[in-house]
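Structure record follows, encoded as structure tokens.
FYI, it's all coordinate maths here, none of it is from the lab. The structure displayed is predicted, hence computed values, not measured ones. Positions of Cβ are backbone-derived with ideal geometry, glycine not excepted, and every protein chain shown enters the neighbour counts.
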Amino acid sequence: MGKSGLLSQNLRQLLLEINPKSVGGYAPLSDEADWSVGLKESEYVFAFPRICQGGVMEFLESSFDQLVDEVHFGVHFKVPAKGLEVVTPEVLLIPGLGFDHKGDRLGRGKGFYDRYLENFNGITIGITFNETLYPEIPVEKHDRRVMMIVTDKEIVKIA
């Protein structure tokens, strides 16, 4: 089993503990962990991010099949089709180029997740491979921490 499969096993285990009805995910880019291995056909209601006018991110209830290809900043993303219902997931899976054991995250520099997390009251889970879990990530005032991190080797619950 590959690293994404191991990560997905750990995520399934954590989601069984949390027992949410809805999960906010993301369609992974080629350099991100694929958290969805074995979860696509699960009982969870999924929502995926879409960037709206003014750079605001919202989550739309969507199945994996309803994701469409769009290009933003010269990168191909899979996003929910326009017109689907905007929802607030109970659990939010958050990608990152790296995380540390305090829950700090290194994103891609656009701040979409940090702005969304300012008003999000659910459970936040960082998704990354073990080799991008660092002793410390430099942060700025606007950066938001995650509550837990799932890798291919462990589940980190932030105190």
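Placing a label point 7 Å from the Cα of K153 along the Cα-to-Cβ line, the residues of the stretch 126-141 whose backbone N sits under 12 Å from it are 129-135.
Summary of packing: across the peptides 136-145, 83-92, the per-residue average of other C-beta atoms within 10 Å ranks them, highest first, as 83-92, 136-145. Would you mind getting me the FRET efficiency between T88 and E43? Use the beta-carbon distance for r and R0 = 25 Å, nearest 0.05. Once the sixth-power term is evaluated, E becomes 0.85.
FRET efficiency for the M57 to Q9 pair, using the beta carbon distance and R₀ = 22 Å, is estimated at 0.20.
Can you find, among M57, N121, G24, the residue farthest towards the positive end of the dipole of the chain? Put +1 on the C-beta of Lys and Arg, -1 on that of Asp and Glu. Going by the Cα projections, it comes out as N121. Ranking V37, P89, Q9 by Cα position along the charge dipole of the stretch 3-157, where only Lys, Arg, Asp and Glu carry charges on their C-beta atoms, puts P89 farthest toward the positive end.
For the stretch 79-121, the Cβ-based charge dipole about the Cα centre amounts to some 220 debye (Lys, Arg positive; Asp, Glu negative; other atoms uncharged). Each Lys and Arg contributes +1 and each Asp and Glu -1, all at the Cβ; summed about the Cα centre of the stretch 3-157, the dipole is approximately 200 debye.
Relative to the compact globular guide of 2.2 N^0.38 Å, what is the alpha carbon radius of gyration of the chain, as a ratio? Can you show the working numbers first?
Numbers: Rg = 14.6 Å, N = 159, 2.2 N^0.38 = 15.1 Å.
The chain yields a ratio of 0.97.
Working from label points 7 Å from Cα in the Cα-to-Cβ sense, the V75 to K141 distance is 2.6 nm.
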